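*Asks:* I am attaching a structure below and will ask some questions about it afterwards.
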Amino acid sequence: MRHILLLCLTVLLFACGNDTPPPPAMPPLSDLPLVPLPVEMSNTEGYLHLDHEKEYDHSGADAGAVDYLKSKGIMSLPLATAVEESLTLPEGAYLLEITPEGITISARDAAGIFNGTTTLEQVLAFSPNTERGRFLPAGTITDMPRFAYRGYMLDVARTFFGVDTVKAVIDRIAPYKINHLHLHLSDDQGWRIEIKSWPNLATIGGQFEVDGTPGGYFTQEQYKEIVAYAASRGMTVVPEIDMPGHTNAALSAYAELNLDGQARDPYTGTEVGFSTLDANKEVTYQFVDDVIRELAAITPGPYIHLGGDESAVTPHDDYVKFVREVQQIIINHGKLAMGWDEVAIAGLAEGTVAQLWNHTEYALMAQKLGNKVLISPATRTYLDMQYDSLSRIGLHWAAYIEVDSAYLWDPVKLVDGITNEDILGIEAPLWGETIRSIEDIDYLTFPRLLALAEVGWTQQNKRNYSDFLRRLKAQQVWLKEQGIGTYDTRVLK
Ligand code: ACM
C-alpha cells in the first residue's frame, strides 16, 4: 500500500512538473533597454512570475509608488518599499531587487523610492508579457543620479497649453527621471498665471498667443493642481516670470509699467529683445513684489526663475539694478532665484542659479561668484531646435539637434573651469514658437529627451552611444505603443 501511495505521488509530481510550462525566453535584467541607464545591474537565478489573475499584496509599498503604477495601468504587484535614512546611498538613489518572491525598492528618501518606481515601470514594460502573466528576470539594480536637477521646460507663454496638456507632458517625461518642470509663464506674447493683485496681467496680458490665436492662463487653483500632479510624479515645478525684457504682455495690461506710461499693443510675432520694464520706477518693484509674493505662496519648490535674458533695450545700469533688486525680492519671499545666464552680469545673490543657454562667459562669471550653474546649452538641449532641415516644425538658429548631438557631450566639458561641483544639473527647454498641440510637443521632445535624460542621470563613464541606440530602439517602440508621437530619428534607420 505504502509503495502504491509513493508511486502515485511520484506520478502526480511528475505530471505537475510536466504541466507547468517553462517560462518564456527572457533577457537577463541587465539587458533590458532601460533609459536612463542605471549605474549597476546584476542578475540572479530565476524570475518573478506575475499572474494576471492574482491579486498581490502591496500593503508594504509607498502609497505614492502604488498610485503612480496604477496610473500607468499596473494594478497589482508583490511590491514593498522602504525608506531607510541610514542607507549609505546619495539623495535620489535607490536599490531595486527582484526575486522569485517579489520586488523591493529601498532608498534614503522619497525621491529615491520614486526613481526606483520609474525603473520598475520600465522593467515591467520590457519584460515578457504572456497569457500566463508577466515574467521579470531576477536581479538587483543599484542606481543613483549624476546630477540632482534634471529639468524640462515648457513655454506656455508663446503658445498656451492648458492643465490637461501639461499633465500629459508630466506623464510622458516622468519615466525618464526628469525631476523639475520649468514653466515659462510670461513673455511678450502672453501672461499665463493669475495674479490676484494685478488681475489684468492674465485677463488682458493672457488674451493671445503667437500668431494672434486666443491664449489663456492658469488660475492659481489650476497652477496648484499642476504643482500637485507634478509632485505625484516626482517633479518640482519651477515657475518663471521673464523680466525685465520679454514683458510686452505685462506692458499691454498695465500702462504704468511702461517707460512712457502708454500701454503697449498685444504682440503676436516671434521677435525678441524689444520690451522692458522701467527699472527706475517704484511701481515696477511693487509689481514684482506682488507677483513674486503670490507665486511664492503657491510654489512649494525652492526656485523662482526671473528670466533676465535678451533684455536688449534695458540700459546696462538699469539691468544690473533691476536684477539685483528682483533677486532680493525672491529671497524676501523665502525662495532662491534662477535666471538665464545674462543675470551673472548683475552680480548674484547667494544661492541664485545661472542657467547657461548661450553665453559661456556669463556661466563662468556665475561660477567665479560661487554660484551653481544649470546646464542647458541651446546647441545641445533646446528641444525646439529642428532635428534637421526637413523637420516639419522647430527653429534652427542655434543648431540642428539630432539624437547623436543630444547624446554625445558631457556637461563638465562644456566650459573650461566649470566642474561637476559647480553644476546643479541639466535642463531641456521646449520653446513655443512653432508648437500648437501635444503632437507637436511629442515630435520635438521624443526621442531626444531620452538622450538628455541619460546625460543628466548616468555617470559619463557608463554612457555608451551604441548601447544607448540599442535601448532607444526598444524605447521608441514603447513610446509608440503608448500613443506618444515620437519622431522617427534617422539614427535608428
Ligand atoms: C533664451 O533662449 N532666450 C533663454
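The numbers here are math on the coordinates, done by the rules we state, and not lab data. From a predicted model like this one, the values you see are computed outputs, not experimental measurements. Reconstructed Cβ throughout: ideal geometry from the backbone, glycine too, with neighbour counts over all protein chains shown.
*Asks:* For the range 323-346: of the residues being over 18 Å from PHE287 (Cα atoms) and crowded, with 24+ Cβ neighbours inside 10 Å, which is nearest to the ligand (Cβ to nearest atom)?
*Replies:* Only one residue fits best here, namely TRP340.
*Asks:* Going by the conditions given, is GLU240 out of contact with any Cys (no Cβ under 9 Å at 6 or more places or on another chain), within 16 Å of the ligand (Cβ to nearest atom) and either farther than 30 Å from TYR176 by Cα or part of a strand (DSSP E or B) (or both)?
*Replies:* yes
*Asks:* Within the range 266-303, can you find the residues that are within 16 Å of the ligand (Cβ to nearest atom) and either among the aliphatic types (A, V, I, L, M) or over 25 Å from GLU221 (Cβ atoms) (or both)?
*Replies:* TYR267, GLY269, THR270, GLU271, VAL272, GLY273, PHE274, SER275, THR276
*Asks:* Any idea which of (1) hydrophobic (A, V, I, L, M, F, W, C); (2) out of contact with any helix residue (DSSP H, G or I) (no Cβ under 7 Å at 6 or more places or on another chain); (3) within 16 Å of the ligand (Cβ to nearest atom) is the one ILE426 doesn't satisfy?
*Replies:* If we test ILE426 against (1) hydrophobic (A, V, I, L, M, F, W, C); (2) out of contact with any helix residue (DSSP H, G or I) (no Cβ under 7 Å at 6 or more places or on another chain); (3) within 16 Å of the ligand (Cβ to nearest atom), just (2) comes out false.
*Asks:* Determine whether ALA263 is of a type in the set (Gly, Ala, Ser), outside any loop (DSSP other than H, G, I, E, B) and more than 16 Å from the ligand (Cβ to nearest atom).
*Replies:* no
Condition check ((1) basic (Lys, Arg); (2) touching a residue at least 40 places away in the same chain (Cβ under 8 Å); (3) under 27 Å from VAL123 (Cβ atoms)) across all residues:
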| residue | (1), (2), (3) |
| --- | --- |
| LEU424 | no, yes, no |
| GLU433 | no, yes, no |
| ARG436 | yes, yes, no |
| TYR443 | no, yes, no |
| GLN459 | no, yes, yes |
| LYS473 | yes, yes, yes |
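*Asks:* Out of everything in the range 347-361 that is within 16 Å of the ligand (Cβ to nearest atom) and among the aliphatic types (A, V, I, L, M), what residue ends up being farthest from ASP416 (Cα to Cα)?
*Replies:* Across the range 347-361, the extreme among qualifying residues is VAL353.
*Asks:* How many of the residues making up the range 367-376 are out of contact with any Leu (no Cβ under 6 Å at 6 or more places or on another chain) and within 16 Å of the ligand (Cβ to nearest atom)?
*Replies:* Matching residues across the range 367-376 total 1.
*Asks:* What strands (runs of 3 or more DSSP E), lying completely within the range 38-152, carry at least 2 residues that are surrounded by 14 or more Cβ atoms within 10 Å (Cβ to Cβ) and at positive phi?
*Replies:* 133-143
*Asks:* I'd like to verify a number: residues in the range 263-322 that are over 30 Å from the mean Cα position of the chain (by Cα), of a type in the set (S, T, N, Q) and surrounded by 15 or more Cβ atoms within 10 Å (Cβ to Cβ), how many?
*Replies:* Selection size over the range 263-322: 2.
*Asks:* Quick check on the range 358-374. Is at least one of its residues in contact with a helix residue (DSSP H, G or I) (Cβ under 9 Å, 6 or more places away or on another chain), within 25 Å of GLU271 (Cβ to Cβ) and among the small types (Gly, Ala, Ser)?
*Replies:* So far as the range 358-374 goes, no, none of its residues is in contact with a helix residue (DSSP H, G or I) (Cβ under 9 Å, 6 or more places away or on another chain), within 25 Å of GLU271 (Cβ to Cβ) and among the small types (Gly, Ala, Ser).
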